[in-house]
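Asker: Let me give you the structure first, and then I'll get to my questions.
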Amino acid sequence: MFRRALFFVCLLLFSSVSSPHAADVFIFTENYPPYNFPAADGTVAGDATALVRKVMNTSELDYSITIVPWARAVRYTETADNVLIYSIARIPNREERFQWLVPLAFDNYRLFARKDDKRVFTREQLRKGAFSVICVQGDISCTILQDTGLPEASIIQSPDLDQPGTLKMVEAGRVDLFPGSMINYQTERQHHGAWRGAFKPVYDLEVGLTLYLAGGANLRPELAAKIRAAYAHLVDANDFDMMFVDGPPIDR
């Protein structure tokens, strides 16, 4: 009971930052450019965020958007009946846990190594555990690695790939690889000339995923209906474009 009360107190605090009155819907996501990331003015920015705002504004529901750690965003969404999450991948083991409201992006996933790494990475070697791979704990990236057949001993799960000591481990050669999305890679390369210390794609995981704005299984039906209707209206008006990207060839 205490945890439930604390949860809703936190939600009220989140909403008070962005709105003088309580929101109808609380929306959570993680820091994952270019989809969603904190802006300099304290709001949440990103291409997926812009699509979410467009749908929510059309729905005429009051809402707030907050960045939290991914595992917490998932927990909030599955706990409450007026919480949404976005940039979440639609995969089989999530199908019944969420209501899939609005498709935001289609992305492809690769394994990345240091730019100066000359080794060849094959499926056979990966499945034998010849290389260590770091991924975000609770994220789709770890699930992709497991589904690819990598042994658990070769998968290192980190709370956050942006924390010091995670991707730095790949840069230093202490870990061989990490999985990443091509939209993220292309955006970082275009704007910064490199991606998180000049990494390169070296192995195609052959996984394409659609990322969504979603609610939990117990999301209130009237909220889901308004959001779906808003999305349908935008599509009918040719005013909604999902995110897509064509990735570069694998670097050998």
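The values are calculated or read from the model by the stated rules, or taken from the named source; none is laboratory data. Just so it is clear, the model here is predicted, and its values are computed rather than measured. A quick note on method: Cβ atoms are made from the backbone with ideal geometry, for glycine too, and the neighbour counts reach across all protein chains shown.
Asker: Filtering segment 70-81 down to residues that are in a helix (DSSP H, G or I) and in contact with a strand residue (DSSP E or B) (Cβ under 9 Å, 6 or more places away or on another chain), which residue is surrounded by the most Cβ atoms within 10 Å (Cβ to Cβ)?
Answerer: So, considering only residues that are in a helix (DSSP H, G or I) and in contact with a strand residue (DSSP E or B) (Cβ under 9 Å, 6 or more places away or on another chain), the one surrounded by the most Cβ atoms within 10 Å (Cβ to Cβ) is 77.
Asker: Of all residues in segment 89-100, count the ones that are buried (at least 17 other Cβ atoms within 10 Å of the Cβ), at pLDDT 95 or above and not polar (S, T, N, Q).
Answerer: 1
Asker: Picking from 51, 84, 61, which residue would you name as being buried (at least 16 other Cβ atoms within 10 Å of the Cβ) and in a loop (DSSP other than H, G, I, E, B)?
Answerer: Checking each option against the conditions leaves just 61.
Asker: Evaluate segment 153-174: report whether one residue or more is modelled with pLDDT of 95 or more, buried (at least 16 other Cβ atoms within 10 Å of the Cβ) and more than 30 Å from residue 223 (Cα to Cα).
Answerer: Yes, segment 153-174 contains at least one residue that is modelled with pLDDT of 95 or more, buried (at least 16 other Cβ atoms within 10 Å of the Cβ) and more than 30 Å from residue 223 (Cα to Cα).
Asker: Select from segment 124-144 the residues that are on the phi < 0 side of the Ramachandran plot and either among the aromatic types (Phe, Trp, Tyr) or in contact (Cβ under 8 Å) with a residue 60 or more places away in the chain (or both) and list them in ascending order.
Answerer: Across segment 124-144, the qualifying residues are 126, 131, 136, 137, 139, 140, 144.
Asker: So, one more: So, in segment 25-41, how many residues would count as being surrounded by fewer than 18 Cβ atoms within 10 Å (Cβ to Cβ) and either touching a strand residue (DSSP E or B) at 6+ places or on another chain (Cβ under 8 Å) or touching a residue at least 12 places away in the same chain (Cβ under 8 Å) (or both)?
Answerer: So the answer is 5.
Asker: How many residues are surrounded by 15 or more Cβ atoms within 10 Å (Cβ to Cβ) and under 16 Å from residue 204 (Cβ atoms) when one looks only at segment 118-138?
Answerer: Qualifying residue count, segment 118-138: 4.
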